[in-house]
1. Being touching a helix residue (DSSP H, G or I) at 6+ places or on another chain (Cβ under 9 Å) and within 29 Å of GLN17 (Cα to Cα) is the filter; apply it to the stretch 185-201 and report the residue that is surrounded by the fewest Cβ atoms within 10 Å (Cβ to Cβ).
2. Out of the stretch 76-89, which residues are surrounded by 14 or more Cβ atoms within 10 Å (Cβ to Cβ) and at pLDDT below 95?
3. Pick out the one residue from GLU182, GLU204 that is more than 19 Å from the chain's Cα centre (by Cα), surrounded by 10 or more Cβ atoms within 10 Å (Cβ to Cβ) and among the charged types (D, E, K, R).
4. If you go through the stretch 39-57 one residue at a time, how many are surrounded by fewer than 17 Cβ atoms within 10 Å (Cβ to Cβ) and either at pLDDT 85 or above or not polar (S, T, N, Q) (or both)?
5. Kindly provide the set of residues from the stretch 114-135 that are in a helix (DSSP H, G or I) and in contact (Cβ under 8 Å) with a residue 12 or more places away in the chain, ordered by number.
6. Give the residue, chosen from ILE67, ILE29, that is aliphatic (A, V, I, L, M), buried (at least 20 other Cβ atoms within 10 Å of the Cβ) and over 15 Å from GLY12 (Cα atoms).
7. Return the residues of the stretch 172-224 that are assigned to a loop (DSSP other than H, G, I, E, B) and farther than 22 Å from ALA145 by Cα; say none if nothing qualifies.
Amino acid sequence: MRIGIAGFGRMGKLIHQKALDRGHEVPVIVDPGSKDQAVTSGQNASISAPVDVIIDFTHPESVIKNIERYGELKIPAVIGTTGWYDQMGHVAEVVEKSGIGLIWSGNFSLGVNLFFRIVENAAEMINRFKQYDAAIHEWHHRNKADSPSGTAEMIGEIILRKLERKNKITSNLAGGKIGDDELHISSTRTGSIPGTHQVVIDSEIDTITLEHRARNREGFAEGALLAAEWICGRQGLYNINDMMQSIIGGVDDR
């Protein structure tokens, strides 16, 4: 498969190497700010080499125009860039008009998305047992800018959907107790931890702990490449949950 890459930072470079390792070709690499010799173009508008799919890890300021360009070129796309979701309606129109396939996610890590499914099933089960409470804790390296992490918030939203006695997320407590309807997300920042997310399910008699621990960024690259392979031959707007459902459930909707 011929894969294009938009954005050649740490993730783009890792995807490039992983793609080659999997036997794919990478004839197009676009990054206006990179001087890396592997970069073939500074602008998506100048894409000329044929590609079967493009993987975009760029910036919120440019991703919508990038998606419009992919539609013009009839190139299926994997969008790992975040911060554009308020434009989802416009992107859906671009995808429908162009007839391309596009899959997006705020987190393409295969392990994290499996963890999401495990947490969803666990929350659905404990919803029937009122003696159990739930909380989330996450660890990251000391230079991470946001707290709590976006992934922790995604886990929190999953629990809120399935655990009826929880109605809102509370984080960064200044002190005092929380309400019974609040789901607490706490964070630790230290050292060089790549990312650990833990869901604690607790009662007076026992504790159940679910944990995902990232060792490096390779899981994100693997997930993005799996999405690139999956979106080829499909039309329409998808998120990673659609891909996971088709794989786990054995469904092929092409």
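The values are calculated or read from the model by the stated rules, or taken from the named source; none is laboratory data. Nothing here was measured: the structure is a model prediction, and the numbers come from that model. Virtual Cβ from ideal backbone geometry, glycine too; neighbours counted across all protein chains shown.
1. GLY195
2. Here is the first cut: in the stretch 76-89, the residues surrounded by 14 or more Cβ atoms within 10 Å (Cβ to Cβ) are 76-82, 84, 87.
Within the stretch 76-89, GLY80, THR81, THR82, TRP84 qualify.
3. Details: GLU204 fails: surrounded by 10 or more Cβ atoms within 10 Å (Cβ to Cβ).
The conditions single out GLU182.
4. Of all residues in the stretch 39-57, those surrounded by fewer than 17 Cβ atoms within 10 Å (Cβ to Cβ) come to 42-43, 45-46, 48-50.
After this cut, where a residue has to be either at pLDDT 85 or above or not polar (S, T, N, Q) (or both) as well, the list is 42, 45, 49-50.
Total satisfying the criteria: 4.
5. Once the filter is applied, which keeps residues that are in a helix (DSSP H, G or I) and in contact (Cβ under 8 Å) with a residue 12 or more places away in the chain, the stretch 114-135 yields LEU114, PHE115, PHE116, ARG117, ILE118, VAL119, GLU120, ALA122, ALA123, GLU124, ILE126.
6. Numbers: ILE29 fails: over 15 Å from GLY12 (Cα atoms).
Unique residue meeting the criteria: ILE67.
7. Let us first name the residues in the stretch 172-224 that are assigned to a loop (DSSP other than H, G, I, E, B), namely 172-181, 190-195, 203-206, 214-217.
Correct list: GLY175, GLY176, LYS177, ILE178, GLY179, ASP180, ASP181, SER203, GLU204, ILE205, ASP206.
Quick grid of which residues meet (1) at pLDDT below 95; (2) surrounded by fewer than 16 Cβ atoms within 10 Å (Cβ to Cβ); (3) more than 17 Å from ARG215 (Cα to Cα); (4) not aliphatic (A, V, I, L, M):
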position	(1), (2), (3), (4)
LEU110	yes, no, no, no
PHE115	no, no, no, yes
GLN131	no, yes, yes, yes
ARG161	no, yes, yes, yes
